[in-house]
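Working notes for the structure below.
The values are calculated or read from the model by the stated rules, or taken from the named source; none is laboratory data. Here the structure is a predicted model, which means the values were calculated and not measured. Note that each Cβ is placed from the backbone with ideal geometry, even for glycine, and that neighbours are counted across all protein chains shown.
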Amino acid sequence: MVEALELPQQAWLQGMMSHRIVTEERSQAMFKAATEACRVQHTQRDYAECIKKVNNALIVVNLEIRRMIDEQTEKHMLAIVNTKADEIAELATQFTPHEIKFIKSLIENIFTAPRRAYCISSTVAISLGKDMDPELSSTKADILCKKLVSQGWITKDAGFYFLSPRSLLELQSYLRGSYEEYMHTCHACKDIVTRGLACSTEGCDLYAHHYCKPRLLSMLQTKGDVRLCAKCKKPWSPLTVGDTTNASTMMIGRSNRNNGENPLGFTSVNRASTGETDDSEDSEEEDELGETQDSGSKRGRSSTVQSRSSQRRRITEEETVPLEEDEESD
Ligand SMILES: [Zn+2]
Ligand SMILES: [Zn+2]
């Protein structure tokens, strides 16, 4: 039987329902404000109890409170998630079928972006509307993208759209069902990774968040002074995942148009892929093969680190990562 919620718990739940996703900090502040408004004392234990009781109450309506770390801000988040939505059910209540079609295409293009970029430039995003029948104008596509940002379904960072923590939580089963080969979980914390590190060995499925790197490194075995990947046992030499420097600023056309543009759509980034971002929409276009012109060589490394066949880029130019050096990096 569902236990009745006390007044502060009800007030907190109302706040959560209107925001859907908040930082843990804000959630605690909301609970504090709710208890003060109801003139009751509160402790940390009361807050934990509130979440537990609200969660129990939400089960019957197929909702659940879940926690995750925002991969961009690395803040702890708390969200109310629809546990039954195996389709984009929630979105369907607010958008027209035509808009939903665009949103699905947007989600697909972000989640399946080449080179595991897990993001697309806003220019590419807006151009997705042109493939639709009837076409969704650039203006309307732009407005729709902004609406999705304001509702917390996608985030915009340095001119690129990413899936937000809300999408990753609420659309998890949809993403898994539709694009399973792009769904990777962190070796350390088991949550989805769309920004982080991945083993560079072809076919190896070891991923980790940036913020889980210390934990991951402590989990890796060593051979001499070289760390070994926990899955493939090859020297640990990670690539970045979810990096705008890996993202295309051109239309990819995975399931879209083929209008004569370079189907690979790779764009030179002219800088080392160290994770820093800037607005790459002005990036120069790629050469004929879409080969990235990597400025990593500025640190005096061999060009062999660029794996053309896998179209991956290494974040470290070393074939292997000596322990000392790695610990010095962030
Ligand atoms: Zn993790
Ligand atoms: Zn590996």
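In the set (1) in contact (Cβ under 8 Å) with a residue 40 or more places away in the chain; (2) touching a His at 6+ places or on another chain (Cβ under 9 Å), TYR174 fails one condition alone, (2). Every test in (1) surrounded by fewer than 18 Cβ atoms within 10 Å (Cβ to Cβ); (2) touching a strand residue (DSSP E or B) at 6+ places or on another chain (Cβ under 9 Å) is passed by CYS38 save one, and that test is (2). Name the residue that is nearest to the chain's Cα centre (by Cα), counting only residues in segment 160-198 that are in a loop (DSSP other than H, G, I, E, B), near ligand 1 (Cβ under 9 Å from one of its atoms) and not acidic (Asp, Glu). Ranking the candidates gives VAL193 first.
Please work out if ASN62 is touching an Asp or Glu at 6+ places or on another chain (Cβ under 7 Å), among the polar types (S, T, N, Q) and not assigned by TED's automatic domain parsing to the domain that holds TYR207. No; evaluated as a whole, the condition is false for this residue. Surrounded by fewer than 21 Cβ atoms within 10 Å (Cβ to Cβ), in a loop (DSSP other than H, G, I, E, B) and modelled with pLDDT of 85 or more: does that describe GLU261? When the stated conditions are applied, GLU261 does not pass them. Taking segment 185-211 as the range and being more than 9 Å from ligand 2 (Cβ to nearest atom), more than 16 Å from ALA113 (Cα to Cα) and either not assigned by TED's automatic domain parsing to the domain that holds SER237 or not hydrophobic (A, V, I, L, M, F, W, C) (or both) as the test, the residues that pass are THR185, HIS187, LYS190, ASP191, GLU202, TYR207, HIS209, HIS210, TYR211.
Can you say whether LEU78 is within 30 Å of THR123 (Cα to Cα) and within 19 Å of the chain's Cα centre (by Cα), as far as the supplied structure shows?
No: the conditions fail for LEU78.
Given the criteria away from ligand 1 (no atom under 16 Å from the Cβ) and among the β-branched types (Val, Ile, Thr), does ILE100 qualify? Judged against the criteria, ILE100 is a match. The lone criterion from (1) buried (at least 20 other Cβ atoms within 10 Å of the Cβ); (2) in a loop (DSSP other than H, G, I, E, B); (3) not polar (S, T, N, Q) left unmet by PRO134 is number (1). When segment 165-184 is examined, which residues are found to be at pLDDT 95 or above and either surrounded by 24 or more Cβ atoms within 10 Å (Cβ to Cβ) or within 16 Å of ligand 2 (Cβ to nearest atom) (or both)? The answer is HIS184, and nothing else. Of all residues being within 16 Å of ligand 1 (Cβ to nearest atom) and basic (Lys, Arg) in segment 199-248, which is surrounded by the most Cβ atoms within 10 Å (Cβ to Cβ)? Just the residue, please. The qualifying residue surrounded by the most Cβ atoms within 10 Å (Cβ to Cβ) is LYS213.
Please indicate, with yes or no, whether at least one residue in segment 91-106 is modelled with pLDDT of 95 or more, assigned to a loop (DSSP other than H, G, I, E, B) and not hydroxyl-bearing (Ser, Thr, Tyr). No, the conditions are met nowhere in segment 91-106. Scan segment 199-252 for residues that are part of a loop (DSSP other than H, G, I, E, B), among the polar types (S, T, N, Q) and in contact with a helix residue (DSSP H, G or I) (Cβ under 7 Å, 6 or more places away or on another chain) and jot them down. Answer for segment 199-252, where residues must be part of a loop (DSSP other than H, G, I, E, B), among the polar types (S, T, N, Q) and in contact with a helix residue (DSSP H, G or I) (Cβ under 7 Å, 6 or more places away or on another chain): SER248, THR249. Summed over segment 47-63, residues that are surrounded by 11 or more Cβ atoms within 10 Å (Cβ to Cβ) and touching a residue at least 12 places away in the same chain (Cβ under 8 Å) total 11.
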